[in-house]
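Written below as structure tokens is the structure these notes are about.
The values are calculated or read from the model by the stated rules, or taken from the named source; none is laboratory data. Bear in mind that the values here come from a model prediction, so they are computed numbers and not experimental data. Ideal geometry is used to build each Cβ from the backbone, glycine not excepted, and the neighbour counts take in all protein chains shown.
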Amino acid sequence: MASSASDDQQPVMWLGERAIYASYFVVLVYVVSMLVTTLLMTFNVTAPFTWLAFESSSVLRGEVWRVVTYGLLNPPSLGFVVDMFMIVWFGRELEKFFGRRIFALLFGCLYLLTPVLFTVIGLRTPMYLAGETGSFAIFIAFATLYPGAVLLFNILAKWMAIILVAIYSLADLANHSWTGLLSLWVTVGFAFGFVRYQQGHWRLPSFKIRRRRNVAPGGRKDATMSELDPLLDKIAQSGFGSLTAAERAKLEAGRATLAKRRGSHRG
């Protein structure tokens, strides 16, 4: 189990000495979609926009593929470029820490959250959506995992996240974009909660009346998270590469323990 978890955290492949992660393939798909979208717009081909974009009324009539295909329509823009860099930089770090499987789960949930939310809202008000979503929430997930990471202008990741969420929220409020504001807070809240859960700080509600407390051999309480916190702080300050071999082994053992603990709770 330990070796498979370690493999999941390795690059998908190598190009020379450059590591290629799954997040890079996500960006590749988006970039290709942007180029195709540009060609369609150049030659005034409108059929794909009609059939692929998200429309709540169409989804409620049974055209459920729109919940997935909406993200393939990406006109070129500066915002699109920024989103791609977010997925590459911050998605890569999340993938390194949690592994491809957990990263794919996070990205997939963020991709589907907004169209599912808009489908529900569409029961009352028609909703439309086209173009990738969720990239900003990838940054929120990174800032939750590494709150002390130093970003542009020596601003810590946690403060940058708070500032950007506040700015985007104010912009939506000023434009009376209530659905945009709701989408923002739902995806941001999910990204934050997802990482906290994966770290073992949050747990899903349990309806069991009694639950055994985790106790290490000899009657000592399991101190997995207290042992991992210094390592996480070191990663936040100096990066994963600053860990010694012994510290990496300790981190991996702690991650496996947390995973096993969540599995036993689900059981």
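A few notes on this one:
- Segment 151-181, subset under 21 Å from Phe85 (Cα atoms) and touching a Gly at 6+ places or on another chain (Cβ under 8 Å), residue surrounded by the most Cβ atoms within 10 Å (Cβ to Cβ): Ala157
- Among residues of segment 85-105, those that are under 19 Å from Ala256 (Cα atoms) and either touching a Pro at 6+ places or on another chain (Cβ under 8 Å) or among the aliphatic types (A, V, I, L, M) (or both), counted: 4
- Count of segment 21-61 residues, restricted to those that are more than 25 Å from the chain's Cα centre (by Cα), of a type in the set (A, V, I, L, M) and within 23 Å of Phe118 (Cα to Cα), is 2.
- Counting the residues of segment 102-118 that are crowded, with 21+ Cβ neighbours inside 10 Å and over 30 Å from Asp8 (Cα atoms) gives 1.
- Of the residues making up segment 117-141, those that are among the aliphatic types (A, V, I, L, M) and either part of a helix (DSSP H, G or I) or on the phi > 0 side of the Ramachandran plot (or both) are Leu117, Val120, Ile121, Ala137, Ile138, Ile140, Ala141.
- Qualifying position, being among the hydroxyl-bearing types (Ser, Thr, Tyr), assigned to a helix (DSSP H, G or I) and over 22 Å from Trp51 (Cβ atoms), among Thr144, Thr114: Thr144
- Being of a type in the set (A, V, I, L, M, F, W, C) and in a loop (DSSP other than H, G, I, E, B) is a description that applies to Trp202.
- In segment 132-150, the residue that is surrounded by the most Cβ atoms within 10 Å (Cβ to Cβ) out of those that are among the small types (Gly, Ala, Ser) and touching a Ser or Thr at 6+ places or on another chain (Cβ under 9 Å) is Ala137.
- Pairing each residue of segment 148-177 that is assigned to a loop (DSSP other than H, G, I, E, B) with any residue that is modelled with pLDDT under 95 and exposed (fewer than 13 other Cβ atoms within 10 Å of the Cβ), provided the two are 6+ apart or on different chains, yields C-beta distances under 9 Å for Gly148/Gln237; Ala149/Gln237.
- Any hit, segment 8-21, residues being touching a strand residue (DSSP E or B) at 6+ places or on another chain (Cβ under 7 Å) and surrounded by 14 or more Cβ atoms within 10 Å (Cβ to Cβ): yes
- Qualifying residue in segment 29-40 (condition: out of contact with any helix residue (DSSP H, G or I) (no Cβ under 7 Å at 6 or more places or on another chain), surrounded by 19 or more Cβ atoms within 10 Å (Cβ to Cβ) and hydroxyl-bearing (Ser, Thr, Tyr)): yes
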